[in-house]
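Visitor: Sharing a structure below in structure tokens format, with a few things to ask.
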Amino acid sequence: MTDLDDRPAEPEVPSGPSSMGIDPYEKNWMRVSILLLVVFATAITVAGFAAGFQLPGPESRVDPKTLLQTEPWKSPGVYEVADGEYEAYVVAQAWSFSPLEIVVPVGAHVTIYVTSADLQHGFKITDTNINMQIVPGQVSKLEYTFDEPGEFPYLCTEYCGQGHAAMYGRVKVLSQADYDAQHADDATTETTTETTTAGE
Ligand code: CUA
């Protein structure tokens, strides 16, 4: 005689087309799992189409050895290409960015091209969705519209040696009036610089 003989009878598993023999607990977990999948899929869709999630693609290739002698990389900076449309060319090099400052008026839509003259670096602009890896030989490109005036520091996000932490610059988004005023100054400065360079 064993304890087994004293076991209560197995409860009858309800059967029929409605329950399919699935335990109610399991059914609840299935509901939760499906709900989670829907939540994740929605999050990805919203990120991709509504929040402007972008993947920096390999825009084009460059030769890091001749980079600094080649346009546009030999004169990095930000250029207005159409009304409100800007293109910024940034060179990452141990351990600084060129230019150190990108100045645009509020509302500027900026296409940012970044490449490296030496090692692998990173380029992230604080408080924006601009964050890309900078691989030597490859140009990374992302676009952003600066709708708010203010300063948006950019920094290197890949450890690239001793000076890594010092590798940063900033995007300055000015009111149109301030931008126009400063731009007039810049034009004068640029002319001066060019004259100086020509004289050397
Ligand atoms: Cu460049 Cu870290």
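Visitor: Please go through the stretch 129-144 and give me each residue that is surrounded by 18 or more Cβ atoms within 10 Å (Cβ to Cβ) and within 9 Å of the chain's Cα centre (by Cα), ordered by number.
Guide: ILE130, MET132, LEU142
Visitor: Now, a different point. Can you tell me how many residues within the stretch 57-102 are closer than 11 Å to VAL114 by Cα, surrounded by fewer than 18 Cβ atoms within 10 Å (Cβ to Cβ) and touching an Asp or Glu at 6+ places or on another chain (Cβ under 6 Å)?
Guide: 0
Visitor: For the stretch 167-190, state whether one or more residues are modelled with pLDDT of 90 or more, within 14 Å of the ligand (Cβ to nearest atom) and either assigned to a strand (DSSP E or B) or open to solvent by 70 Å² or more (accessible area, probe 1.4 Å) (or both).
Guide: yes
Visitor: Considering every residue within the stretch 104-119, establish whether at least one is over 17 Å from GLY150 (Cα atoms), in contact (Cβ under 8 Å) with a residue 12 or more places away in the chain and open to solvent by 50 Å² or more (accessible area, probe 1.4 Å).
Guide: There is at least one residue in the stretch 104-119 that is over 17 Å from GLY150 (Cα atoms), in contact (Cβ under 8 Å) with a residue 12 or more places away in the chain and open to solvent by 50 Å² or more (accessible area, probe 1.4 Å).
The values are calculated or read from the model by the stated rules, or taken from the named source; none is laboratory data. Computed from a prediction, not measured in an experiment: that's the story for all the values here. For neighbour counting, all protein chains shown are included, and Cβ atoms are generated from backbone atoms with ideal geometry for every residue, glycine included. Protein only, heavy atoms only, side chains kept; ligands, DNA and RNA dropped before computing areas. Shrake-Rupley method; radii C 1.70, N 1.55, O 1.52, S 1.80 Å.
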